[in-house]
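One structure is given here, and the rest of the page talks about it.
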Amino acid sequence: MLIEENKPLAPLTTFGIGGPARWFAEATSENEIAEAAAWADKRGVPLFVLGGGSNLLVSDAGFDGLVLRVGLRGITAADAPGVRIYQVAAGEDWDHFVERSVEEGCAGVECLAGIPGTVGGTPVQNVGAYGQEVASVIAQVRAFDLQARAFIEFAAAQCGFAYRRSRFNSVDRGRYIVTRVDYRLTPGGAPAVRYEGLQRALEECQREGREPKLMDVARAVRRVRQSKGMVLVEGDPDCRSAGSFFKNPLVSDQHFHKIAAMSGQQPPRFPAAQEPENQGKIKLPAAWLIEQSGFRKGYALGRAALSSRHTLALTNRGGASAEEVLALAGQITAAVEAHFGILLEMEPVMVGF
């Protein structure tokens, strides 16, 4: 396996920000993943696993260790009673897999269309949007255990899924390298249309007097995401981002009513995930909190700016540094905490800080 030195990382991320990797390798097989892990361990250097580069911010100094890009490819499908199991290699493009599953009439991930990145990142972040999360359709995750130096398979119940969380980015952060994800989708299943914004985007189906199909929903989701600058389009400065930079916070019912009284209006709200720890909690849109704290679309601090289409995305307006992005993020979190008593949590993975 080829080990490169001082590999620029900025071009490998959607943010387009960050210094070089001291060493870099791309693994196209499970054997190469094990080989790269042994190489880093033997030399005592830290290891960072890179997927599609869509949900991370690399420091201006780069990463003083081995960056391993997961390039495993392949999708297989097998039918079982009432379901179709897709086994998808971690390096596959996520939206490509969504497109294939929708074309084959399998429900379960249609609302996750247009999300950049690779399959391997979906269980780590428990990727979700418009009322769907991958946790609801993942059957199994295969990964390499860096401690045991062995491959292991986790059933969904063993993954510790919660809102934007899993064991892979919390209690076991940095221990496992995902190599394959198995999804249990529903052939002929009805699409999920839970969010009001998505329902509006599907009004054409209503005018035609028919129920929306999976493909209708996937296309509508891509249109909505593109209108917010959340779909990668060459030459669009709003796309030089890590997507949603802040997680939507969960608050108590009491806190929600306090915010409503302070703002003089009923804040928008999302349904919270059904985990036991979320009982009695209300999910607030971070974008609304940011706007109510005085920030508008396009607000800039140096070469970093809020998207011109969505206040939840921080963007690189050209030549921005990681330091500038974090300065803008800090300004926003301080204002939201001062106004509402809520400390926003950043969503992207921070590399090399």
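The values are calculated or read from the model by the stated rules, or taken from the named source; none is laboratory data. A quick note: this is a predicted structure, and the numbers were derived from the prediction, not measured. Don't worry about glycine lacking a Cβ; one is built from the backbone with ideal geometry, like all the others, and counts go over all protein chains shown.
For this structure, a couple of remarks:
- Of the helices (runs of 4 or more DSSP H) that lie entirely inside segment 30-131, those containing 1 or more residues that are within 21 Å of the chain's Cα centre (by Cα) span 94-103, 121-125.
- Single residue of segment 306-327 satisfying the filter (buried (at least 24 other Cβ atoms within 10 Å of the Cβ) and without any contact (Cβ under 8 Å) to a residue 60 or more places away in the chain) that is nearest to LEU57 (Cα to Cα): LEU306
- Test: SER241 is crowded, with 21+ Cβ neighbours inside 10 Å and farther than 20 Å from VAL98 by Cα: yes
Let's see how each residue does on (1) at pLDDT 95 or above; (2) in contact with a helix residue (DSSP H, G or I) (Cβ under 7 Å, 6 or more places away or on another chain); (3) of a type in the set (Gly, Ala, Ser):
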position	(1), (2), (3)
ASN6	yes, no, no
TRP23	yes, no, no
SER54	no, no, yes
PHE63	yes, no, no
LEU68	yes, yes, no
THR76	yes, no, no
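- Residues that are closer than 20 Å to VAL88 by Cβ, out of contact with any Phe, Trp or Tyr (no Cβ under 6 Å at 6 or more places or on another chain) and among the aliphatic types (A, V, I, L, M) are absent from segment 159-173.
- Qualifying position, being in contact (Cβ under 8 Å) with a residue 12 or more places away in the chain and more than 22 Å from ASN126 (Cβ to Cβ), among VAL58, VAL70, VAL83, VAL49: VAL58
- Sole exception among (1) of a type outside the set (Asp, Glu); (2) touching a residue at least 60 places away in the same chain (Cβ under 8 Å); (3) in the same structural domain as PHE144 (by TED's automatic domain parsing); (4) surrounded by 17 or more Cβ atoms within 10 Å (Cβ to Cβ) for ILE33, by number: (3)
- Failed item in (1) touching a residue at least 40 places away in the same chain (Cβ under 8 Å); (2) within 24 Å of VAL70 (Cβ to Cβ); (3) not polar (S, T, N, Q), with GLY160 passing the rest: (1)
- Qualifying positions in segment 163-189 - more than 25 Å from ARG69 (Cα to Cα) and exposed (fewer than 13 other Cβ atoms within 10 Å of the Cβ): GLY188
- The residues of segment 199-223 that are crowded, with 21+ Cβ neighbours inside 10 Å and not in a loop (DSSP other than H, G, I, E, B), listed by number, are ALA201, LEU214, VAL217, ALA218, ALA220, VAL221.
- Counted residues, segment 95-115 - those being surrounded by fewer than 21 Cβ atoms within 10 Å (Cβ to Cβ) and under 21 Å from ALA27 (Cβ atoms): 1
- Flag for GLY53 being in contact with an Asp or Glu (Cβ under 6 Å, 6 or more places away or on another chain) and surrounded by 18 or more Cβ atoms within 10 Å (Cβ to Cβ): no
- Residue in segment 337-350 that is touching a Ser or Thr at 6+ places or on another chain (Cβ under 7 Å) and small (Gly, Ala, Ser) present: no
- Restricting attention to segment 116-152, the residues being buried (at least 21 other Cβ atoms within 10 Å of the Cβ), β-branched (Val, Ile, Thr) and under 21 Å from LEU68 (Cα atoms) number 5.
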